[in-house]
Amino acid sequence: MSRPAKRRRLSPPALDPSQKAPPSSILAPADSAFARSAEKWDLEQAYEQRPRKLKKSKEVTKLPIRTDEGWVEQEVSQASDNEEVDSFLTSDRGIEQASTEEEEVQQAVPSITPKQQVFKAKEELARLATLVNEDPEEHVGSLRTIANIGESANVTVKKLALATQLAVYKDIIPGYRIRPHTEEDAKAKLSKEVRRLRNFEQSLVGGYQQYLQVLSEYATRRGAEAAEEQNSLASVAISCACNLLLAVPHFNFRGELLKILVSKLSSRSKDADFYKCVETLETMFATDEDGTASLDAVTTLTKMTKAKHYLVDEAVLNTFLHLRLLSEFSHKGSHAGVDKDTESTQGKDKKQKEKREFRTKKQRKILREQKVVEKEMKEADATVSHEERDRMQAETLKLVFVTYFRVLKARTPSLTGAVLEGLARYAHLINQDFFGDILEALRDIISRADNQNDDDEEIDESIDDQNEDTASNVSRESLLCVITAFALLEGQDASAASTSLNLDLNFFITHLYRTLFPASLNPDIELSAKSHRLPDPTASDPETQRPSSNKVNVQTTTVLLIRSLSSALLPASNVRAVPPTRIAAFAKNLMTASLQLPEKSSLAMLGLMQKVVKVHGRKITALWHTEERKGDGAFDALRGEGGGEGSNPFAATVWEGEILKMHFCPKVRDAVKHLERGVVDAR
C-alpha cells in the first residue's frame, strides 16, 4: 500500500510590484476593522498571562482487572481528580471539613494516662541523659529536648526533667568559667576542634541559663494560697538550686542561684526548704577557697537584710559564723575598711628598689611578654593568689561588720543575740577604731536591760507572734554583752586602747557583779532559750528537728555566766591587772551564789573558784582565815560600785564552804574540799 501524498497549504501568489494593492475601500468592512484591531495585539504578553491548567498524573494504586479482552488498568475516578485543586483555590467550606475530620481523628486516638506519661518520660529522659554524658559535644542539642519534656502539664514529669537536667549539668559543666565571645572572636580563624568546642560552650551556657530561669520561676510560685503541687515543685526547684551552688559555684550565673536561695531566706515561713538554704550557705562558706563566691553571697544577704529592715530570722546572720576568714584572715577591719600592713609594703618597696637593675628596651619588652604568659598560665591553672584571696576576704569582712553594726543601731530584738555572738567570734579581726563604737552600743544595750529590770517591764509587746520564740532575753543578752566586750580586747593592748579611746571597762564589770545574785536565783538557769519544753517527736515542724548553731539559744545561762566571769577575773591579756579587792568581792559572792544554784551549776561555779584560787590565791587567802582579816567595818554584798571594790570584801569571811560540805551531792562536797586545799597551798 503506497503512502498518500502530503497536502500542503499554498500561500497566495505574491503581487507584482508593478501592480498596486487593492484599495481599502474594496475590502469588506469587517475585514478592515479586524485588521486595524489586530495591529494592536500583543500575542506574547497575552500568552504569558494566560492561566495554566496542569494535569497532575496520579499514581494508579488499584490493581488491574481481568476482562474478556485481557488485563485492563483501572482508571482514576473523576471525583478524585476534581478534589485535586490548588491550595489557594480551596474554599472555606473545604477547610472546615478538613478541620472537622482532623478533630474526629484526634478524638479517635485513645488518651495516655498520667502513669504512662511518667513511664515514657522516664525512658526518654534516661536515654537523652545517657547520650549527653557519653559525648556532650556531639549531643549537646539533647539539653533542649530535655527542657521541652519539662514543659509537660504533668507535675511529676516536670520534677523528673528538673532532676535530670541537674544531674546532666553537674556532670558536663567544666571546671572553669565560660566568658562571652566578642566580635573579634567570631572573626578569628579557628581550627575545627576549637570551633566545635566553642559551639559546645555557647550551647551549654545558653541551656544552663534557661534552666536557671525555670528554677527561679518555679521557686517563687509557692505560698499559702498556692496548690500543693506547686509547693512540691517549688521544693524541687530550691533543692536543685542548692545542689548546683555546692557542685559548681565557679560557673556562670552564680548570682542567679544565690537570688533563689536568698529569696527563700527572706520569707517568714521556716520550713524544710528554708533550713536547706541555710545549710547550703554554711557549707559553701566553709568550703570556699578563693572567697569569690562567699563575697557574692554575703553581698546578696546584706542587701536583702537591709531591704527587709533587718526583720529576718537569726539563722541568716548565723551563717556568717561559718566563713573561712575567721581562721584565715590576718588583718583587722571595721565597717569602713580594712587595715593594711604598711610596714610589709614599705619593706617590699625598699627591696624592689634595691634589686632594681638596668635593662635595655629589648630586655624590658621580653620581660613584659614573660609576665603576660605567666599570668595566662596562672589563670589556666585556676590558682588563686594570696593577695586576691585576702582582697576578697577583706571586702567580705567589711560587709559582715556593716550588717552587725546596723543591727545594733537598729536595736532589732530578735537579732541582737546573734549579732553579739558574731561580734564575739570576730573580735580578733576588729580594729580599735571600730570596737570603740561597738562598746558604746553594748553599753546602750546593758543600760536598757538595767532599766527594764528596775522597772519590772516586760519585753516590747509589738514583736510579732512568729518572733516570740526568738525574742531577746534581756539577762542573757546582757551577759553576752560582757563576753563580747572582753573578747574585743583579748589579744590586744587593752591599756593603750583604754587610754586612747577613753573606754570604761568598769561599767561591764559592775553590771556583771550586780547580775550575779539575780542569776543565781533564776530557776531556769540551766535551761537554754529553746529548751523550756521538750520537742514533739511527731511534729512536722523542721525547726524542732534541726539542731541550731546559734550559741545564744543553745548555751544555758550558767554557761554564759561562767564565760563572762572568766573574762572578767581571768583575762588572757593581763591577769595581774585585776585588783585584789575586785577578786575578793567576786569570790565572796560566788561562794554565796553556789548555795542557791542547782547541782551542775554549783559544780561549775566551784570549778571557776578553783581556777581563781590557783591564779590569785595569795590575794584572797585572808577570806578563809578570820585572824588574817585586813578590812575594817562591815561587808555590803549589794554595793557594786567599781565591780564590788566598794563593798569592803576583806571585812567578810567565806563561811559558805562549811555548808557546802554538807551538800547532798558528793561531787559538790569533794569540790569544796579541793578548793580549800588550794587555798592552803596558796598561803
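At-a-glance table
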| quantity | calculated |
| --- | --- |
| For Leu512: the one exception among (1) under 18 Å from Val419 (Cβ atoms); (2) modelled with pLDDT of 75 or more; (3) crowded, with 21+ Cβ neighbours inside 10 Å | (1) |
| Some residue of segment 197-209 being within 22 Å of the chain's Cα centre (by Cα) and exposed (fewer than 15 other Cβ atoms within 10 Å of the Cβ) | yes |
| Residue in segment 282-292 that is more than 18 Å from Gly150 (Cα to Cα), modelled with pLDDT under 90 and small (Gly, Ala, Ser) present | yes |
| Number of the condition not met by Leu326 [criteria: (1) surrounded by 15 or more Cβ atoms within 10 Å (Cβ to Cβ); (2) at pLDDT below 70] | (2) |
| Which numbered condition Glu151 fails, given (1) assigned to a helix (DSSP H, G or I); (2) among the charged types (D, E, K, R); (3) modelled with pLDDT under 90; (4) under 24 Å from Val118 (Cα atoms) | (1) |
| Residues within segment 631-673 that are among the polar types (S, T, N, Q) and in contact with a Ser or Thr (Cβ under 8 Å, 6 or more places away or on another chain), tallied | 1 |
| All positions within segment 656-683 that are over 54 Å from the mean Cα position of the chain (by Cα) and surrounded by 14 or more Cβ atoms within 10 Å (Cβ to Cβ) | Glu656, Gly657, Glu676, Val679, Ala682 |
| Among (1) over 29 Å from Leu317 (Cβ atoms); (2) at pLDDT below 85; (3) of a type in the set (Ser, Thr, Tyr), the one test that Thr581 misses | (2) |
| In segment 240-272, the residues that are on the phi < 0 side of the Ramachandran plot and assigned to a loop (DSSP other than H, G, I, E, B) | Val248, Pro249, His250, Phe251, Asn252, Ser266, Ser267, Arg268, Ser269, Lys270, Asp271 |
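Okay, residues lined up against (1) in contact with a strand residue (DSSP E or B) (Cβ under 8 Å, 6 or more places away or on another chain); (2) under 29 Å from Asp135 (Cα atoms); (3) without any contact (Cβ under 8 Å) to a residue 40 or more places away in the chain:
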residue	(1), (2), (3)
Gln209	no, yes, no
Glu217	no, no, yes
Asn231	no, no, yes
Ala237	no, yes, no
Pro249	no, yes, no
Val262	no, no, no
Arg268	no, no, no
Tyr275	no, no, no
Gly291	no, no, no
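The values are calculated or read from the model by the stated rules, or taken from the named source; none is laboratory data. No experiment lies behind these values; they were computed from the predicted model shown. Neighbour counts run over all protein chains shown; Cβ positions are idealised from the backbone, glycine included.
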